[in-house]
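Reviewing the structure listed below.
The values are calculated or read from the model by the stated rules, or taken from the named source; none is laboratory data. Only a predicted model underlies this, so the values are computations on that prediction, with no experimental measurement involved. Glycine gets a Cβ as well: all are built from the backbone with ideal geometry, and neighbour counts include every protein chain shown.
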Amino acid sequence: MSTELPTSGVAQEETNDHDEIYEPTKPKPTPLPMFQLFIVFLIQFAEPVTATVIYPFINHYVRDTGITKGDERKTGYYAGVIESAFFFAEAFTVFQWGRASDRFGRRPILLLGPLGLSIAMLIFGLSNNFWTLVVSRCMQGVFNGNIGVSKSVMAELTDSTNIADAFAMIPLMWSFGSTIGPIVGGILSEPAKTWPDLFGSSLFFRQYPYFLPCAVAAFIAFLSGAIASVGLKETLPSAVYEEKKKRAAAAALSVPSSSTRLLADNTDAGYGSVMDSSAETAEPEETPEVPPPLKDLLVPRVLLNLAVYAFVAFVDMAIQVLQPLVYSTSISLGGLGFDPYRIGTIMGIWGILNAFVQFMFLGRILRKLGARKLQIIAQTNYIIVLSLYPVLSFFARRAGKADGFVWTVIIVQLVLMLSNNAAYASTQILILDCAPTRASLGATNGIAQAVGSIMRSIAPSIASSLFSISLEHHLAGGDMVFYILIGVALVGLRLTYLLPKKPVS
């Protein structure tokens, strides 16, 4: 047997071949179906617009119904009931929407949402009774509950090479919508007073001063549904499979056309075999999966991802509530004493910067780091942000104003908070990855959306109550709320570390 060693040139050639064969290469990203994604994003955009359009005028609206009986101190309670009704109703319907989309198709379920939402918004704007406001707000939450279905559609429109870019856009839709909503609500409410020359003579707008912003929000929702009804394609695998079967059967029947009558009347076996063969070839090879029962979804990997999502939604919403509370509280009580104009300016600049960073970099970062690693980074940033609030209070009290140290801490916090959209985007991909089967995407997303809605419903009241209790009883120097939330965030971070290490799918 020859043991002759190869020459250096051959060795180099073999080495190059080995590198070419075994060196891992990243697949080229598949082009995104931009028009289909645009339609889905338009439907998603309607949710934050309708959710936030009432914020500028809801307190006045509540007082106008007479439910407070002239006592403005009760306004916050009743306004909170209306605001929470949206997310509570959404939480209890998202799973049902998801299950329905697994059985009846994504397209019809998505089309129902904008239509019902636009009707609910019009009812809200025409209400003069508090309980009618609550009911119509619940209707808005119900029809917004199909938002989880849109994420299933996105998963079915993408693959492992481009899903990160697609899902990185979801928080951007919320950012845009939650910016447009309050602007519409603030500018267009009470038009008879704001533009007396244009609307002052209208009895309708004097009787229903908040109808105009609700009508604009309703139009945005209706427009998204109208565009979807024309351009949105079905993506549910079983529905697509059935459609292919129908087309295959139609193609098989159309082979012997009327122009070839002799072929149609011929009973020779040869023609029959050709026709059968064409029909068999045209028919899809894969049989779609059947949606599994609910008990099959409640497996450890799904429950773990849902728990991570619950902690992310709770901590993020708590921070969003605490930020304006700390900024507006007087320095003597541990806040910064900022006026509304300064608070709005800070949050507005941060919102623009956040949208830019997300649009330019989030998809690439998510693809490079993976969903699990990015989720760990985002939750770590939450902990640091909460930890800096006592530091912020210390510097403000020492200086008696917002000096350079205070502004340095604020800037560090705001920069770290730029990862909040990364937290949501990576969580969505992790949830999609844990779905037991492709046929269960709708139900899995529905459960996740329900969990998120519940957390976003309870986090504001818990965080604001803890803030007040900490100040009132001077617990931990008034900073007990931050220490409690840091503990909650640490639990969420620990759960994230338990997620399996695997690439973005």
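Data for the structure
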| quantity | calculated |
| --- | --- |
| Flag if Pro300 is at pLDDT 65 or above, surrounded by fewer than 12 Cβ atoms within 10 Å (Cβ to Cβ) and out of contact with any Gly (no Cβ under 8 Å at 6 or more places or on another chain) | yes |
| Residue in region 170-184 that is more than 28 Å from Tyr309 (Cα to Cα), more than 20 Å from the chain's Cα centre (by Cα) and not assigned by TED's automatic domain parsing to the domain that holds Arg456 present | yes |
| Enumerated helices (runs of 4 or more DSSP H) restricted to region 398-505, each holding at least 2 residues that are aliphatic (A, V, I, L, M), closer than 30 Å to Gly337 by Cα and within 26 Å of the chain's Cα centre (by Cα) | 404-416, 441-472, 480-497 |
| Residue in region 217-234 that is under 32 Å from the mean Cα position of the chain (by Cα), at pLDDT below 75, of a type in the set (A, V, I, L, M, F, W, C) and part of a helix (DSSP H, G or I) present | no |
| Residues that are crowded, with 20+ Cβ neighbours inside 10 Å and closer than 20 Å to Ile349 by Cβ, drawn from region 411-425 | Gln413, Met417, Ser419, Asn420, Asn421, Ala422 |
| Residues satisfying the stated conditions in region 179-190, i.e. part of a helix (DSSP H, G or I) and closer than 30 Å to Gly66 by Cβ | Gly181, Pro182, Ile183, Val184, Gly185, Gly186, Ile187, Leu188 |
| Filter result for Ser393 (crowded, with 22+ Cβ neighbours inside 10 Å, part of a helix (DSSP H, G or I) and assigned by TED's automatic domain parsing to the domain that holds Phe338) | yes |
| Residues (modelled with pLDDT under 75 and among the basic types (Lys, Arg)) located in region 64-82 | Arg73, Lys74 |
| Condition check for Leu172: buried (at least 19 other Cβ atoms within 10 Å of the Cβ), in contact with a helix residue (DSSP H, G or I) (Cβ under 8 Å, 6 or more places away or on another chain) and modelled with pLDDT of 85 or more | no |
